[in-house]
Amino acid sequence: MNKNLIIILSIVGIIALAGIGYAIWNASDNPQVVNQENPGTTTNTANTNTIQAGAPIVQTDSTTAPYISTVVVNGTVNPNGAATTYWYEYGETSALGTQSSNYLVGSGYTAIYTPAYIIGLKSNTNYYFRLGAKNIFGTVNGTTHSFKTNTTPSPIGTAPVTTTNAATNISSTNADVRGQVNPKGSETTFWFEYGLTAELGAVTGFQLAGSGNALLPISALISNLQPFTKYYFRLNANNQFGTTNGEIMNFTTKKK
């Protein structure tokens, strides 16, 4: 082999080993470059968009709906690109001290409405509360607010029931994702999450499912997908009593 060619290949190899990123290929042959110095950064080389994942963005809503022994609290959580869990802390002092159940909120880049129904409170009592969330990049607590319970009877209700169904009308770039939601008598919002892994990452638009008490068939169109690629998705819904996540399912788009 020509000595000059050997030298050139050696230099190329050294540059490749010292490079900042490495390529991850999917079925569409569009590489993504992951920055090794900052692994939260992913660049899609097909459209040169860079998305920075990070700790969740949390906002506690000061608006509450207190009753004699319960309260509906609200807030929003943006998972900021990583699988995220949220909860509420509350107590009779600003030190809080009690935590609600944990809820999943996906891994997208959209602020998700995160209501919770806290029970077992004392009547006519001041309470403090805040929303918290965490993912692999860190834990974030929202602003602490307060409310006072009263003598109004507490509403009776439960979080919605969600079922993820198989996707239909699958083409090389589109699919209809489907499911069922039972609002359980309270005004309910639903949405789908989807992505290239079971961590999902993208969300459809938010839609209303009403306030009935029966399973409703629902669907959403996902477009701009890559041909011959496996996607994961699930249905989510929430009302004033909480958020529920359906089972994660998958489909594969068709070849061009």
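The values are calculated or read from the model by the stated rules, or taken from the named source; none is laboratory data. Please read all numbers here as calculations on a predicted model, not as lab measurements. Cβ sites come from the backbone with ideal geometry, for glycine too, and all protein chains shown count toward neighbours.
Points worth noting:
- Subset tally (residues that are in a loop (DSSP other than H, G, I, E, B) and free of Cβ contacts under 8 Å to residues at least 60 places away in the same chain) for the stretch 65-100: 10
- Reported count of residues in the stretch 207-227, each being surrounded by 14 or more Cβ atoms within 10 Å (Cβ to Cβ) and in contact (Cβ under 8 Å) with a residue 40 or more places away in the chain, is 9.
- Residue selected from the stretch 119-129 under the condition part of a strand (DSSP E or B) and surrounded by fewer than 20 Cβ atoms within 10 Å (Cβ to Cβ), by the criterion nearest to the chain's Cα centre (by Cα): Tyr128
- Checking each residue in the stretch 87-116 for being more than 26 Å from Gly201 (Cα to Cα) and surrounded by 21 or more Cβ atoms within 10 Å (Cβ to Cβ) picks out only Tyr90.
- Considering residues of the stretch 46-61 that are in a strand (DSSP E or B) and modelled with pLDDT of 95 or more only, the residue surrounded by the most Cβ atoms within 10 Å (Cβ to Cβ): Val58
- Among the residues of the stretch 139-197, those that are surrounded by 21 or more Cβ atoms within 10 Å (Cβ to Cβ), at pLDDT 95 or above and of a type in the set (Gly, Ala, Ser) comprise Gly142, Ala167, Ala175, Gly179.
- Scanning the stretch 62-75 for residues that are hydrophobic (A, V, I, L, M, F, W, C) and buried (at least 17 other Cβ atoms within 10 Å of the Cβ) yields Val71, Val72, Val73.
- Residues that are closer than 23 Å to Tyr231 by Cβ, touching an Asp or Glu at 6+ places or on another chain (Cβ under 6 Å), at pLDDT 95 or above and not in a strand (DSSP E or B) do not occur anywhere in the stretch 107-118.
- Filtered residues of the stretch 131-155 (kept if more than 18 Å from Gly242 (Cβ to Cβ) and not in a strand (DSSP E or B)): Ile136, Phe137, Thr143, Thr144, Thr149, Asn150, Thr151, Thr152, Pro153
- Residue ranges of strands (runs of 3 or more DSSP E) in the stretch 156-256 with at least 3 members hydrophobic (A, V, I, L, M, F, W, C) and at positive phi: none
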